[in-house]
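Read-outs: derived from the displayed coordinates by stated rules, not from any lab. Remember, predicted model here, so these are calculated numbers, not experimental data. All Cβ positions, even for glycine, are placed from backbone atoms using ideal geometry, and neighbour counts span all protein chains on display.
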Amino acid sequence: MHGYQGKILHIHLNNQTSHIEELDENTARRYLGGNGLGAKVLWDKLSADIDPLSEENILAIAVGPYTDTAVPSASRACAVTKSPLTDLFFDSTFGGAWPITLKKTGHDAIVLHGKSEKLLYLHITEEGLEFRNAEDLAGKWIRETCDAISEKENGADVLAIGPAGENQVRYAAMAHTWRKSRDGISGRGGIAAVLGSKNVKAISLKGKAKTSVYDAKGLREYVNNTAEDVRTGTAALNKYGTPILVNMINKLGALGTRNLTSEIFENCEPISGEYMRENFHEKDTTCLKCPVACGADYIMKGGKFDGLQWKLPEYETIFALGTMLGIGDPGTLLRANQLCDELGLDTVSAGVTMSLAFECFEKGMLKKSDVGFDLSWGDSETVLQLLEDISLRKGFGNILAEGGVRLAKEIGGDSINLLYASRGLELPAHSARVLKGMSIGYATGTRGGSHHDTRPTLQYASDHDNTTTDGKSEFAVKTQNFTAIGDSITQCRFTAERGYGAMINEKYADMLNMVTGWDTTSEELESTGERICNLERAFQVREGVNRSHDSLPHKVMHEPVPDGPHKGMHCPPDELEMMKDEYYKIRGWDNEGIPTNETLNKLDLKEVADELSV
């Protein structure tokens, strides 16, 4: 089978055994790989209502047909599980070199079942799987862990968790520290907490298996002929990385500040992509086989963190750990980013959860006796200390480690109205009040508060009208289908959107056909994206999700933007309900947001329809 290894490795941690499941071509074509294949595995293997941190949960990590081919920016993998943060289906994609190495071990996916009695790491090669004791690595930070295992395994690529994952922080992240270049981080949803609950410290890989490509020559020619489009479309990312968005979105009046009490940050320049590149840039970095190279290493010059070297903080990190907390110091942001990467924390959930606590403190809902110290906007030392406390579940950090929803419940009163989260997931840096497409997108996307379901990119274009709801529900559907495909063929969103198009089109079908030898069309890919999105929705419905859960934060629906170019904008409840009606109709769901039997059967999901009908 071209484009695939044809094997899924199931790992049973309880008794340290494994078995191989064959991946047939029909399943591959229906779900592609990555996110789609992971969703299929979870639907088939996982029962409803299990505790995400119990041994009954499973974790799948899958690559796709593009991985380890000439298609650019395809060293991507997707981790899929039931999230301990949202208690729902969740997937998280990451890059680096590890995804290609997974495919080189001869597997398209690995699936972890059960729980080990003791802390261990997994070593996977073409020859098989070995279970290694990792008790000497308990509590170690991620880079030290990866380096130690890689040295022991003769240069293996390693994916690991840090103290936050071991302590089951509900938004713990896992990371692959590729020694040659850019790290790959699976940030959102608490994937690392699931690994921690299973007593898995790391997954180590070595392999040389080849991926068969149907038309390798034609694919190389196609990639070469479209290379200029990719270079042109990603030029700003290549130079500045995602921080190029900071100044632009702040000028737009859509950069969340001090827990969304404003959407303009007054001290923006020092933490902008332009300023940081000019003053702190050391070298560009990239994921394996990626022409974009949107990463970079910075080195601080002057100030408290003089000499600190670490990778650039992404735009989302600058928002969550910077503007949302009133911090405009680049040194603090670089250190905060380092702590999150090393301890294993999602920067978005960590920062937005802390911003809720800071506003509650400001309003008197929290007191110094509750927290242990003052919470003041812009207090860098407190933020950095809290990140370490969260990872160790120490003091007030233990409550923050539970995420925003649980923190609001702990505080009580009106604190829930200050929470910036959707369906349990803290929202990222693309304004739910200013961008109408994100309003309906955050409410309906599988993961809730994630900009990797519904995409904001096209909404920043000069010809996109964000003052109207017209077409926004269809926009959300189309971009969600697009991202489902992208995370299943496993290609980086940046290269895909800016090089081949931000909606599904024939370019994606052409490349997939050259890899696999199929006769896929863009219409079939659109249908595949719908299938994956509906399967994910069915999983959520099986867990109890309905229309009432497709909601937005109180601030988004009831508190208009207070200042700036978009003063007065928000998404009132009646507007959201109207967009949901339109969205459900386009999707073929009933009025409660449940996929109908007709829709599921049309998408070749009869087994899903049968189970939901019981």
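So what is the relative contact order for the range 7-205, in percent, with contacts set as C-alpha pairs under 8 Å and at least six apart?
Dividing the mean separation by the residue count of the range 7-205 yields 23 percent.
Just the number: Rg to Rh for the range 458-509, Cα atoms, Kirkwood Rh, two decimals.
1.00
Tell me whether the range 1-110 comes out rounded, prolate or oblate; compute the Cα gyration tensor, take square roots of the eigenvalues as a ≥ b ≥ c, and use a/c under 1.5 as the rounded threshold.
The shape class here is prolate.
Scaled to the compact-protein estimate 2.2 N^0.38 Å, what is the alpha-carbon radius of gyration of the range 253-421, rounded to two decimal places?
On the way: Rg = 16.2 Å, N = 169, 2.2 N^0.38 = 15.5 Å.
So the range 253-421 has a normalised radius of gyration of 1.05.
Spin-label point model (7 Å from Cα, Cβ direction): what's the residue 115 to residue 55 distance in nm?
It is 0.7 nm.
Could you work out [θ]222 nm for the chain from helices alone, using -39500 (n - 2.57) per DSSP H run of at least four and dividing by all its residues? Round to the nearest 500 deg cm²/dmol.
-11500 deg cm²/dmol
If Lys and Arg each add +1 and Asp and Glu each add -1, what is the summed charge of the other residues whose beta carbon sits under 10 Å from the beta carbon of residue 299?
-1
Express the relative contact order of the chain as a whole percentage, based on alpha carbon pairs under 8 Å and six or more residues apart in sequence.
Values: 1435 pairs, mean separation 93.9, N = 614.
Taking the mean separation of contacting Cα pairs over the length of the chain, I get 15 percent.
Using C-alpha positions alone, give me the convex hull volume of the range 490-614 per residue in cubic angstrom.
153 Å³
State the Cα centre-to-centre distance between the range 96-152 and the range 421-494 in whole Å.
34 Å
Amide H of residue 311: which non-local residues (sequence gap of 5 or more, or other chain) have their own amide H closer than 5 Å, using H built in the peptide plane?
HN-HN under 5 Å from residue 311: 298.
Full-extension gain between residue 388 and residue 410, please, as 0.36 nm times their residue separation minus the C-alpha to C-alpha distance.
5.8 nm
Could you tell me what fraction of 2.2 N^0.38 Å the Cα radius of gyration of the range 58-208 comes to, as a two-decimal ratio?
Values: Rg = 13.9 Å, N = 151, 2.2 N^0.38 = 14.8 Å.
Cα-based Rg divided by the globular estimate yields 0.94.
Within the chain, which whole H helices from DSSP have a Cα span along their axis of at least 24 Å and a mean Kyte-Doolittle hydropathy of -1.0 or more, if any?
On the way: long enough: 472-489 (25 Å, -0.16); 522-542 (30 Å, -0.82).
Span-like helices in the chain: 472-489, 522-542.
Report the Cα centroid-to-centroid distance between the range 588-614 and the range 497-564 in angstrom, as an integer.
The range 588-614 and the range 497-564 have Cα centres separated by 17 Å.
For the residue pair residue 586 and residue 22, what label-to-label distance in nm results when each label sits 7 Å from Cα along the Cα-to-beta-carbon direction?
Result: 4.1 nm between the two label points.
Suppose R0 equals 30 Å; then what is the FRET efficiency for residue 7 and residue 610 from their Cβ-Cβ distance, rounded to the nearest 0.05?
FRET efficiency, residue 7 to residue 610: 0.60.
Report the gain in length on full extension from residue 507 to residue 279: 0.36 nm times residue separation, minus Cα-Cα distance, nm rounded to one decimal.
78.2 nm
GluC sites (Glu not before Pro) within the range 115-195: which are DSSP loop residues with at most 14 other Cβ atoms inside 10 Å?
On the way: sites: 117, 126, 127, 130, 135, 144, 151, 153, 166; in loops: 117, 126, 127, 153.
Passing sites in the range 115-195 are 117, 126, 127.
What lysines sit close enough to residue 368 to cross-link, taking a C-alpha to C-alpha distance under 23 Å and skipping anything fewer than 8 places away on the same chain?
394, 409
Show the residues, 5+ positions off or on another chain, whose built amide H is closer than 5 Å to the amide H of residue 17.
Placed amide hydrogens put 12 under 5 Å from residue 17.
Using a cut-off of 11 Å between beta-carbons, work out the net charge of the residues near residue 93 (Lys and Arg +1, Asp and Glu -1, residue 93 not included).
+1
What distance in nm lies between label points placed 7 Å from Cα along the C-beta direction at residue 216 and residue 44?
3.0 nm
Based on the Cα coordinates of the chain, what is the per residue volume of their convex hull in Å³?
136 Å³
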